[in-house]
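Below is one structure, written out as structure tokens; the observations come after it.
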Amino acid sequence: MKKKIAVYKVSFFIILLVALVTALYLGAYDFNHSVFEIVRTYFKTQTHTADSFVLIELRIPRILMAILTGAALSICGTSLQGLFKNPLASPDLIGITSGAVLFAALTIVFGSSVMHLLPPFLRYILLSIMAFIGALLTMWFVYKMATSNGKTHILILLLSGVAITALTGAVTGFLTYISTEEELRNITFWSLGSLAGSNWWKVCLVFIVVALGSIRLLTKGKILNALMLGEKEAAHLGFDIEKTKREIIIIASLMVGCVVAFNGTIGFVGLVVPYILRFVFNSNYNILLPLSMILGAVVLLIADTISRTIVIPAELPIGILTAIMGAPVFISILINYKRKLK
Amino acid sequence: MIQIHDLNFKVKDRFLLQNINVEINKGELIAIVGPNGAGKSTFLSCLANEIVYTTKHFSFKDKDVKSYKKNEIPLHRAKFSQHQSNEINLKNEEIVLMGRYPYFKTEADLSDLEIVEKWMTKTETSHLTDREYEQLSGGEKQRLHLARVFAQLENNIENKLLLLDEPLNNLDVAHQFKTLHLIKNFTQNNNTALVVLHDLNIASQFADRLILMNQSCIEMFDEPKNVLTQERISRVYKYPCIITPHPENQQPIILFG
Amino acid sequence: MKKILTVLTLALVVASCNKKENTNAITDGPLTETTVIKTDRIISLNGAITETLAALNEAENIVGKDVTSTFPENLMATDLGHVRSITAESILALQPSVVIGTSKDINPNLNDQLKKANISLIMIDQEYSVEGTKNLITSIATKLKKDNYQPLLDNISTKIATVKPFDKKPKILFIYARGAGNLMVAGTGTPLHSMIELAGAENAAAALTDFKPLTPEALLTTNPDVILMFEKGLQSIGGIDGLLKIEGISTTNAGKNKKVVTMDGQFLSGFGPRLGDAVVELHNKIK
């Protein structure tokens, strides 16, 4: 079993590296030199050429953002599924992605005067914090509605998600309709996502949040396993259940909020990646948590690379690609679910 | 080993446990019996710290029970609950391995895996490793969780406490007695077990002492031969019965009707 | 975990070296900041801007255009798509010497990225009026140091001066259509409103602001004499027959008289150098 896990870990890493190197070379812009040479020349001369600008200021941050976003959404999805004890609990389905989007949009529209005074990095931090608050409020609401006595009512969980997504979709749509604020982008950005605006500041911020959050979430494997026995039983094994639940809720809200504030809604990743892994590894969270990060990074990197190369010079919104990859998997989840109910 | 003085538990305005006083010694196998609704499971829940009760005094191994740390107490005390999850998407060995979670941080030791194997053998669940948990019968699931609970208490600490809430439900006769022997073995190593049982005869055969509960109070706490009298049992269970000594060991046998 | 750490180290190292001022470039040259705008490779992100550049004899230097740049028709430039979804990479791939666009339409992220690459940017505040169009032409011409722009401005003024006012102002309703399910009317604040007024007519939908969905009630209350549409728009709903099938149209004066005027979209509402010609044509078609 240990060997099996190691094999999967290594293969995913290799795929990630291959995808990364490939992504460096693919895009609307054709390099005149090899990637390696470009980087070396840049370090030597300390000035940008068009080649190095595209590679170092545009492509590499975007690739890193895709990796971090994919990893973050996957590990959050996995953790939420453990928390709610249901494989359908993912950030987009239960509505916290929408909550984050709503607050990010509100911040841009109503906080524009403040935002313009701040330097970029602080602006991004403010946006992330507001998105975090949005995600957290939604998360709290959904949790309170859908759980009682440690049991999750999956129907209420999903319906709360539907309700919130509908509400935030309407408000965000309205904001984009009335707002002249250029920063607000358009509704397509928020509902289908885009990594095109990635830069080093954003990547650094997202990295910090995702690294710290993941480190914490990776330790929750045993607790999430134990939760499958029931909350009381898990407590008998020495775990502080209430503290763990709070931690997962806050960390997931923080990570999802940050990632969504910069890239818009990217759906399906948090649902589909853990689901695929469950086929091989059951719901053993000790294994699912780390593997979902790597697989999520791979999936989103591939999706983003396709999105920016398939209709050059334009780009397909990345949400379309994750939906194409995710919808069939979602359908198979439902078919499986129905089979179990019989 | 356990001293409880005046424990009460109520929900809204109804008392589910009133004025509970017990003193339990090391190495005892104590059966908790009584009619439905008497408070047996509730009492066990209090002992396991699952619910919030009020009490004047509750010491566990001469220390106030609240002074034990959350991650310390699983090494001293384990509970087998009456209702187990129906669906656990893990391999069966992994479920039993959860009993060892208090003992390792990320990766299980070889010793942990050996303990898991040992207890799966003792509960006769080793052959289930390739089956899906959901497809196991009620009895098989039960034995799996028993293995887990026993594995949890496998350590060098003296005087441990095992709480079991109706561990024999769903088990066939052979497995019932095998389980009881496992529990008896446990207590003979100077550990204590409190077992909620429905079957008075089994309780009479195996327990060192009986707690007879009735309507949220302890009716009597003594050896089986003292507790199990015709008058008392008929009154508490509200049904006539006859008590007769066991042909081989003279322990009381209860025949209802 | 390890992956994250190695990536971070790489990221930090690269980022820390990035504090220097960037510079502008063509292929291997360093990206240097320049005050002189070279016009040998122009990217235009707006139809009116493209038309202006062509009128200033810069058509052959346009290497990239947006989807609205439909005139001149034979422009040999890469179509970069909608201005809102253009990426920095596709722009840089064309190695532009200058990018010209409208400040309202450009994506702020893209703007930042291009600024960082020290690409010469000219952002025009486009106003949908005669003055606004003249300013647009003047700004572009002066920034690119072209002197031959006055005739363009005169042409507009002259053409508009030939438009004689109507004795009775007809009521024009502009309908934007993308298939029969997607119908909007143009209220005040839209380029169509300005065009209708310049042509000497009255906007039937003047009670509304901006683009609003078309409703049968609005058709009844406004009762336009003429319906104005883009050519492509009318095509998308099945021509005049399709238009008449829409609820409420046949009850209007325009519907009863089958008075439907179509013009090319960019020509009608682009507010570029052909503004004068567009106003004249619209006026004549309405008569």
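What follows is calculated from the coordinates using simple rules that are stated; it is not laboratory data. For clarity, every value in this text was computed on a predicted model and none was experimentally measured. In this analysis, Cβ positions are derived from the backbone assuming ideal geometry, glycine residues included, and neighbour counts consider all displayed protein chains.
Here the Karplus relation 6.51 cos²θ - 1.76 cosθ + 1.60, evaluated at θ = phi - 60°, turns the backbone of the stretch C:59-67 into coupling constants of 4, 6, 8, 7, 9, x, 9, 9, 5 Hz, with x for every Gly and Pro.
Secondary-structure-derived ellipticity at 222 nm for chain B, considering helices only, amounts to -8500 deg cm²/dmol, per-run term -39500 (n - 2.57) for DSSP H runs with n ≥ 4. The residue list A:His116, A:Val54, A:Thr78 was ranked by how far each Cα lies along the charge dipole of the stretch A:24-133 toward its positive end, using unit charges on Cβ atoms, and A:Thr78 comes out on top. Computed over every Cα-Cα pair of the stretch A:2-341 and binned at 10 Å starting from 0, the pair-distance distribution P(r) comes out as 6, 25, 34, 23, 9, 2, 0 percent. Name all residues of the stretch A:103-134 having a backbone nitrogen under 11 Å from the label point set 7 Å from the Cα of C:Lys115 along its Cα→Cβ direction, giving them as ranges. Inside the label zone: A:120. Exposure proxy shown here: for B:Lys69, C:Lys212, B:Lys56, the number of other Cβ atoms within 10 Å sets the order, fewest to most, as B:Lys69, B:Lys56, C:Lys212.
The charge dipole of chain A, taken about its Cα centre with unit charges on the Cβ atoms of Lys, Arg (+1), Asp and Glu (-1) only, comes to about 1400 debye. Taken as Cα centroids, the stretch B:114-188 and the stretch C:140-157 sit 93 Å apart, rounded to the nearest whole angstrom.
Comparing B:Gly27, B:Gly139, B:Leu153 along the charge dipole axis of the stretch B:2-228, the residue lying farthest to the positive side is B:Gly27, per the Cβ-charge model.
In chain C, the C-alpha radius of gyration followed by the widest Cα-Cα span (Dmax) gives 22.9, 80 angstrom. Measuring r between the beta carbons of B:Ser59 and B:Lys118 and using R0 = 22 Å, the FRET efficiency lands at 0.10.
Kindly list the residues of the stretch B:152-192 that lie in the label zone of B:Ser137, defined by a backbone N under 17 Å from the point 7 Å along the Cα-to-C-beta vector. Under 17 Å, as judged by backbone N against the label point of B:Ser137, lie B:168-179 of the stretch B:152-192. The relative contact order of chain A, computed from alpha carbon pairs under 8 Å that lie at least 6 residues apart in sequence, is 30 percent. Kirkwood radius for the stretch C:22-158, taken over all pairs of different Cα atoms as the inverse mean of 1/r, rounds to 15.1 Å.
Between B:Asn71 and C:Asp105, the C-beta separation translates, for a Förster distance of 56 Å, into a calculated FRET efficiency of about 0.40.
Spacing of the modelled spin labels on A:Gln46 and A:Ile333, each 7 Å from Cα toward Cβ, amounts to 5.1 nm. Computed over chain C, the per-residue total of -39500 (n - 2.57) for DSSP H runs of n ≥ 4 gives a 222 nm mean residue ellipticity of -11000 deg cm²/dmol, rounded to 500. Taking the Cα centre of the protein assembly as shown as origin and assigning +1 to Lys and Arg Cβ atoms and -1 to Asp and Glu Cβ atoms, the resulting dipole is close to 1080 debye. Once the mean of 1/r is taken over each pair of separate Cα atoms and inverted, the stretch A:186-270 shows a Kirkwood hydrodynamic radius of 14.7 Å. Taking Lys and Arg as +1 and Asp and Glu as -1, the other residues whose beta-carbon sits under 11 Å from that of B:Leu182 total +3. Distance from the Cα centroid of the stretch A:270-301 to that of the stretch C:163-214 is 55 Å (rounded to whole angstrom). The gain in end-to-end length when the C:Asp241 to C:Asn135 segment is fully stretched comes to 34.1 nm, 0.36 nm per residue minus the alpha carbon separation. Please report how far the C-alpha centroid of the stretch A:250-268 lies from that of the stretch A:192-224, rounded to the nearest whole angstrom. The two parts, judged by their Cα centres, are 9 Å apart. Using the Cβ-Cβ distance between C:Phe166 and A:Ala166 with R0 set to 60 Å, the FRET efficiency works out to roughly 0.80.
Across peptide A:211-218, the average count of Cβ atoms from other chains found within 10 Å of a residue's Cβ is 1. For the stretch A:12-98, the dipole from Cβ point charges (+1 on Lys and Arg, -1 on Asp and Glu) about the Cα centre works out to 200 debye, to the nearest 20. Please work out whether the stretch B:2-228 counts as rounded, prolate or oblate from its C-alpha gyration tensor, where a ≥ b ≥ c are the square roots of the eigenvalues and a/c under 1.5 means rounded, while otherwise a/b larger than b/c means prolate and anything else oblate? It comes out prolate by the Cα gyration axes. Evaluated on the protein assembly as shown, the Kirkwood hydrodynamic radius is 32.7 Å, with distances taken between all distinct Cα atoms.
Listed from fewest to most Cβ neighbours within 10 Å, the set B:Arg14, A:Arg40 follows the order B:Arg14, A:Arg40.
Spin-label pair B:Leu255-A:Phe174: with each label point 7 Å from Cα along the Cα-Cβ axis, the two points sit 7.9 nm from one another.
For A:Val209, neighbours were defined as the other residues whose beta-carbon sits under 13 Å from its Cβ, and their charges (Lys and Arg +1, Asp and Glu -1) total +2. For the segment A:191-198, counting C-beta atoms of other chains within 10 Å of every residue's C-beta and taking the mean gives 3.
Membrane-span-like helices in chain A (whole DSSP H runs, Cα extent of at least 27 Å along the helix axis, mean Kyte-Doolittle hydropathy of at least -1.0): A:2-25, A:60-84, A:120-146, A:154-178, A:241-263, A:285-307, A:318-341. Taking every residue in A:38-51 and counting other chain Cβ atoms within 10 Å of its Cβ, the average works out to 5. Within the stretch C:37-82, the GluC sites (Glu not before Pro) that combine a DSSP coil assignment with at most 10 other C-beta atoms in a 10 angstrom radius are C:Glu73. Extending 7 Å from the Cα toward the beta-carbon at both B:Asn86 and B:Asn185 defines two label points whose distance is 3.3 nm.
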